[in-house]
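Q: Have a look at the structure that comes next, please.
Nothing in this text is a laboratory measurement; each read-out follows from the coordinates by a stated rule. These numbers were taken from a predicted model, which means no experiment stands behind them. A quick note on method: Cβ atoms are made from the backbone with ideal geometry, for glycine too, and the neighbour counts reach across all protein chains shown.
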Amino acid sequence: MSKRQEAVVPDMERQIEIMQELREISLSLAEQPLGYVDTYGCQQNESDSEKLRGMLVEMGYGITKDENLADVAILNTCAVRKKAETRVLGNVGALIHTKTANPRQVVVFCGCLAAVPETVDTIRESYKHVDLVFPPSQIWRFPEFLQRVRNEKNRVFIDDDVEGEIHEGLPLHRDNGVKAWLPIMYGCDNYCSYCIVPYVRGRERSRSFSVIVDEARRLVLSGAKDITLLGQNVNSFKSDIDAGSHDFATLIRAINEIDGEFLIRFMTSHPKDASDELFLAMAECEKAARHIHLPFQAGSDRILELMNRGYTKESYLEKVSRAKDLMPDIVLTSDVIVGFPGETEADFLETLDLIRKADFDAMFTFIYSKRPGTPAADFPDDMSRTEKQVWFEKLVDLQNEISERKHEGYIGKTVRVLVDGEAKGTEYPLRARTNGGRLVHLLGEPTLVGSFADAKISHCNNWSLFGDVV
Ligand code: SAH
Ligand code: SF4
């Protein structure tokens, strides 16, 4: 096992000063400058984008959703699968047009792809309109980098990827007042053999327990009703910045003590760290949502071992049944990869069997994508994409069947939901989530946004429920 990274909380003083300086410049302009942030990938990136927008606002920028109007255009990228990478590179290429129209536009490339040396070289050589590149660990230094781009009138590439830092105190700009992301740890030490995350997000490090609980309290006071604790491996949270040592179950219990009507969610849990203490804390805390996203990735023990996942099919299913014993109404979702190098038909059948036994409410299915630099990239892989696609479709069909059956079970029932937004241009004007996180399209008044309501479910499809406010 790798050594736990000792966390270092950097001094934010200099960044705050620079934000002030840039704010004065923004205020002196005839028109307020605008910032645009395009986010790819996971919730961690969504959360990082809230910080980027927060820093832009602090520096006097307005926020736009139109890259053509942007004075600073940021792409916060994802490196997990090749497809995401191709899409990002296409979109960064397209920014050449906005930059040609407005040569003073600053184009920023950050997020996980900005920590992949080969991609950074490609940006340096072939995407000359990109002005600034920095990896995820350096996000807190964005004001300093932006000032350098402006002062030096040169491209700035940051590769001093200091791994152990935990930034605190960055301003946030949140789009949705009801739902809030709350990062509790960064990085990953698991080194699943297919995954690039440990290489681009650095070593696992947890934020201070008391800082997190205070932040949760502030979020509740500001009206958040649905707080998602975030981490690549959220349930291996172990904070020793404060006196004593606190684990994830203790954190859930502490946040549960905060006054107010709100839900605690978390993403993503690793099965090897899904402990009995965690399930007990969930079962005993009334604010802990009855949902766990527990990626299993494969059903064959041989493949799980090649993936370096640290559990077996049997131990995974035991954890699932323990969670269901303690919380019969729990919603269980998962991720699976098909076509891992060397996967055979027999291995694939184990995956189908696990899916049937676990009886997931929903599942995200991915075809294996080779990530250079990861161990699995060197494993022999002689299966064609077409063959993998056939397996992929079988998995999707099986899960759709299960999801549909589970969703049909809601029809006619009245469930408590949190109305978290409006859905414009559809027959159902409200968007809501059940306690277990299932999406509900709802008929009701827009004034309900931000509140809990009872909804009677009338019909469903594989992915969502439809209903009326009672
Ligand atoms: N830390 C989280 C999320 C990791 S990325 C976790 O461990 O669950 C989200 C999902 O992408 C993973 O669960 C996995 O199913 C998928 N994934 C990661 N790397 C992949 C790869 N190289 N090819 C295909 N899918 C991948
Ligand atoms: Fe990647 Fe595995 Fe870490 Fe998840 S736990 S981020 S899949 S290495």
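Q: Is it possible to state the helix-based mean residue ellipticity at 222 nm for the chain, with each DSSP H run of 4+ residues giving -39500 (n - 2.57), the sum divided by total residues, to the nearest 500 deg cm²/dmol? What is it?
A: -11000 deg cm²/dmol
Q: Still on this model: Hey, how many Å between the Cα centroid of the range 17-35 and the Cα centroid of the range 347-386?
A: A separation of 48 Å, based on Cα centres.
Q: Over what distance in Å are the Cα centres of the range 394-466 and the range 215-253 separated?
A: 27
Q: Given the chain, what whole percent of its Cα pairs are spread farther than 44 Å? Walk me through the numbers on the way to the answer.
A: On the way: 14208 of 110215 pairs.
Counting pairs separated by more than 44 Å, the tail of P(r) holds 13 percent.
Q: Report relative contact order for the chain in percent, whole number only (criteria: Cα-Cα under 8 Å, sequence separation at least 6).
A: Answer for the chain is 10 percent.
Q: Normalising by the residue count of the range 5-150, find the relative contact order in percent from Cα pairs under 8 Å and 6+ residues apart.
A: On the way: 213 pairs, mean separation 33.7, N = 146.
For the range 5-150, the relative contact order is 23 percent.
Q: Report, for the chain, the % of DSSP beta bridges that are antiparallel, rounded to 5.
A: 35
Q: Using unit Cβ charges (K, R positive; D, E negative) and no other charged atoms, how large, in debye to the nearest 20, is the dipole of the chain about its Cα centre?
A: Using only the charged Cβ atoms, the result is roughly 600 debye.
Q: Quick one: go through the range 415-457 and flag any residue whose amide nitrogen is under 13 Å from the point 7 Å out along the Cα-to-Cβ line of Lys65.
A: Correct set: 422-425.
Q: Please say if the range 1-109 is rounded, prolate or oblate, where rounded means a/c under 1.5 for a ≥ b ≥ c the square roots of the C-alpha gyration tensor eigenvalues, and otherwise the choice is prolate for a/b larger than b/c and oblate otherwise?
A: oblate
Q: Between Asp160 and Ser321, with labels modelled 7 Å along Cα→Cβ, what's the label distance in nm to one decimal, could you check?
A: 5.5
Q: Let me ask something additional. Compute the distance from the alpha-carbon center of the range 275-344 to that of the range 95-150, in whole Å.
A: First find each Cα centre; the distance between them is then 38 Å.
Q: Could I ask something else about it? Expected output is a single nm value to one decimal: the length gained when fully extending between Asp454 and Ile16, i.e. 0.36 nm times separation in residues minus the C-alpha distance. What is it? Walk me through the numbers before you get to the answer.
A: Working: separation 438, 0.36 × 438 = 157.68 nm, distance 4.45 nm.
Once the chain is fully extended between Asp454 and Ile16, it gains 153.2 nm.
Q: Also, I was wondering about something else. Which length gain, in nm to one decimal place, applies between Asp276 and Glu408 when the Cα-Cα distance is subtracted from 0.36 nm times their residue separation?
A: 44.5 nm
Q: Taking R0 as 41 Å, what's the FRET efficiency between Glu427 and Glu168 from their Cβ-Cβ distance, rounded to 0.05?
A: In this case the efficiency is close to 0.40.
Q: With only Lys, Arg, Asp and Glu charged, each at its Cβ (+1 for the first two, -1 for the last two), find how big the charge dipole of the range 1-99 is about the Cα centre; round to the nearest 20 debye.
A: It works out to roughly 700 debye.
Q: Check each of the GluC sites (Glu not before Pro) in the range 271-373 and keep only those in coil by DSSP with at most 14 other C-beta atoms within 10 angstrom; list them in order. Spell out each step's value before the answer.
A: Working: sites: Glu277, Glu284, Glu286, Glu305, Glu314, Glu318, Glu343, Glu345, Glu350; in loops: Glu286, Glu343.
Counting only loop positions with at most 14 other Cβ atoms within 10 Å, the GluC sites (Glu not before Pro) in the range 271-373 are Glu286.
Q: Name the residue from Thr64, Cys42, Gln32 whose Cα lies farthest towards the positive end of the charge dipole of the range 1-85, charges +1 on Cβ of Lys and Arg and -1 on Cβ of Asp and Glu.
A: Cys42
Q: Any idea what the dipole of the range 393-470 comes to, in debye rounded to 20, about its Cα centre with Lys/Arg Cβ at +1 and Asp/Glu Cβ at -1?
A: In total the dipole reaches around 220 debye.
Q: Using +1 at the C-beta of Lys and Arg and -1 at the C-beta of Asp and Glu, which of Gln15, Val396, Cys285 has the Cα lying farthest in the positive direction of the dipole of the chain?
A: Val396
Q: Below 8 Å between Cα atoms, with a sequence gap of 6+, how large is the relative contact order for the range 305-440 in percent?
A: Relative contact order comes out at 21 percent.
Q: Highest first, please rank the peptides 353-364, 41-52, 452-463 by the mean number of other Cβ atoms sitting within 10 Å of their residues.
A: Final packing ranking: 41-52, 353-364, 452-463.
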